[in-house]
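Novice: One structure, as structure tokens, below. Some questions next.
The values are calculated or read from the model by the stated rules, or taken from the named source; none is laboratory data. Keep in mind that what you see is a predicted model, and the values were worked out from it rather than measured. Here the Cβ is made from the backbone with ideal geometry for all residues, glycine too, and neighbour counts use every protein chain on show.
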Amino acid sequence: MLLLKNADLYAPEHVGRSDVLLGGGKILAVSKGLDFRHSTIDGLEIYDLEGKILAPGLIDQHVHITGGGGEAGYHSRTPEITLSQIIRYGTTTVVGTLGTDGCTRSLENLYSKAKALEYEGISTFIHTGSYALPSVTFTGSVTRDLVLIDKVIGCKIAMSDNRGSYPTSQELIKTLTQIRIGGMISKKGGVLHMHMGGLADKFDLIFSVIKDYSFPVNYFSPTHCARTKELFDEAIKFQKMGGYIDITSGGSKFAPLHEAIAYGLANGLNLERLTMSSDGNGSVPRFDENGALVGYGCASCETNLEVLQACVKNKILTIPQALSMMGKNVAKYLNLNGKGEIKVGFDADFAVFDEALNLDSVIAKGEFCVKEGKLVKKGFFE
């Protein structure tokens, strides 16, 4: 058991000075002045967080845990992510996805990597599918994947992108119906996680399906929504219909992401239905000053932390608002029970910051992964 003392608690709402007791990977008590000095609890460790912020561990809902890329040939496939590349930036839960390449990257590989990361110390989920329709699946059916594969919480697809399959409204509604049925039976909720590309049609097909089939908007899960100003404007329109939108911390052709959020707030963006993810280990093309492709890089989970800090530093968001984008909002939308908040009975996942929001420590499943800036837990081959 571990007792965290004297923390400035953000749950993510600001609670103030508090103590938190952890045990068995769960939060057992949250209160002011918890004192077990005269108890007979065996193995109780006490850790003082005086002057530190204690927040929920970050949830990154779009990570290429088995690597991404491949657009420039076999040699351009990005590597698998390691545990330390996740936890050193405050992330304690990830959702793994495939990308462009649903051929040399398999769902079986994705599932195995998710299980490996779980074994190493964090929480993991995955999406079935990749970019194209019909979706690649484990069982031959998106519905069956959601019902029978424990880690599957949704289905991935590419929209408005020339690497996708240009789905028709009929194809899209059939996939959505499979997700809805699978989510109902499994009680996972289920989402269509949509990579939003840069083509001119943007949200056109999505708006058409919602209108023509009266399909519930909460099953549509668009990401990369701040790729361009035009796409972000469409995403805000979608959000005003009741949807959640996800923005990618790793980059935008529109503006630095904290500035894009400020633009959104001036144009009706609803923070309660906004989430942010990193696209970690996805392929990132690099261009010269003339717009010519000069190479590729690899996205990092670090950008989530950088944007969180920039939003607060530039007074665009409060600390609770910034934390919610990568915690409470994600957990609520994806139906990740026990995640995203610091409450009794919830998972013992935490990020510890100093007063300047520099990451100090990370606790996942009740165990330190990063302690006072030093990695204390690594992956099997690190």
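Novice: Go through (1) closer than 22 Å to S123 by Cβ; (2) in contact (Cβ under 8 Å) with a residue 60 or more places away in the chain; (3) assigned to a loop (DSSP other than H, G, I, E, B) one by one and return the number of the condition A351 breaks.
Specialist: The single condition A351 does not satisfy is (3).
Novice: Okay, moving on. Can you name the condition, by its number, that V370 falls short on among (1) surrounded by 20 or more Cβ atoms within 10 Å (Cβ to Cβ); (2) without any contact (Cβ under 8 Å) to a residue 60 or more places away in the chain?
Specialist: (2)
Novice: Please give the strands (runs of 3 or more DSSP E) falling wholly within the range 22-88 in which 2 or more residues are under 20 Å from G345 (Cα atoms) and more than 22 Å from the chain's Cα centre (by Cα). Let's see the steps before the verdict.
Specialist: Details: elements: 26-31, 45-48, 53-56, 58-63.
By residue number, 26-31, 45-48.
Novice: Counting just the residues of the range 148-171 that are over 26 Å from L231 (Cβ atoms) and within 22 Å of the chain's Cα centre (by Cα), which one comes out surrounded by the most Cβ atoms within 10 Å (Cβ to Cβ)?
Specialist: Step one: list which residues in the range 148-171 are over 26 Å from L231 (Cβ atoms), which gives 148-152.
Narrowing the set further to residues that are within 22 Å of the chain's Cα centre (by Cα) leaves 149-152.
Numbers: I149: 18, D150: 12, K151: 19, V152: 28.
Ranking the qualifying residues of the range 148-171, first place goes to V152.
Novice: Out of the range 323-367, which residues are within 18 Å of E13 (Cβ to Cβ), small (G, A, S) and surrounded by fewer than 18 Cβ atoms within 10 Å (Cβ to Cβ)?
Specialist: Passing the criteria: G338, G345.
Novice: Anything in the range 247-268 that is among the hydroxyl-bearing types (S, T, Y) and either more than 19 Å from C301 (Cα to Cα) or modelled with pLDDT of 95 or more (or both)? List them, or say none.
Specialist: Quick first cut of the range 247-268, residues among the hydroxyl-bearing types (S, T, Y) only: 248-249, 252, 263.
T248, S249, Y263 - these are the residues of the range 247-268 that are among the hydroxyl-bearing types (S, T, Y) and either more than 19 Å from C301 (Cα to Cα) or modelled with pLDDT of 95 or more (or both).
Novice: Determine whether K202 is over 17 Å from the mean Cα position of the chain (by Cα), more than 17 Å from I59 (Cβ to Cβ), buried (at least 23 other Cβ atoms within 10 Å of the Cβ) and assigned by TED's automatic domain parsing to the domain that holds E71.
Specialist: Working: over 17 Å from the mean Cα position of the chain (by Cα): yes; more than 17 Å from I59 (Cβ to Cβ): yes; buried (at least 23 other Cβ atoms within 10 Å of the Cβ): yes; assigned by TED's automatic domain parsing to the domain that holds E71: yes.
Against the criterion (over 17 Å from the mean Cα position of the chain (by Cα), more than 17 Å from I59 (Cβ to Cβ), buried (at least 23 other Cβ atoms within 10 Å of the Cβ) and assigned by TED's automatic domain parsing to the domain that holds E71), K202 qualifies.
Novice: Kindly provide the set of residues from the range 260-274 that are out of contact with any Ser or Thr (no Cβ under 6 Å at 6 or more places or on another chain), without any contact (Cβ under 8 Å) to a residue 40 or more places away in the chain and not in a loop (DSSP other than H, G, I, E, B), ordered by number.
Specialist: The first filter runs over the range 260-274 and keeps only residues out of contact with any Ser or Thr (no Cβ under 6 Å at 6 or more places or on another chain), leaving 261-274.
From the residues that got through so far, the ones that are without any contact (Cβ under 8 Å) to a residue 40 or more places away in the chain too are 263-264, 266-270.
Y263, G264, A266 - these are the residues of the range 260-274 that are out of contact with any Ser or Thr (no Cβ under 6 Å at 6 or more places or on another chain), without any contact (Cβ under 8 Å) to a residue 40 or more places away in the chain and not in a loop (DSSP other than H, G, I, E, B).
Novice: Taking C103 as meeting all but one of (1) surrounded by 13 or more Cβ atoms within 10 Å (Cβ to Cβ); (2) within 30 Å of V152 (Cβ to Cβ); (3) under 25 Å from the mean Cα position of the chain (by Cα), write down the number of the exception.
Specialist: Here C103 clears every test but (1).
Novice: What are the residues in the range 89-114 that are more than 20 Å from E382 (Cβ to Cβ) and assigned to a loop (DSSP other than H, G, I, E, B), if any?
Specialist: If the condition is that a residue be more than 20 Å from E382 (Cβ to Cβ) and assigned to a loop (DSSP other than H, G, I, E, B), then T97, L98, G99, T100, D101, G102, C103, T104, R105, S106 are the ones that fit.
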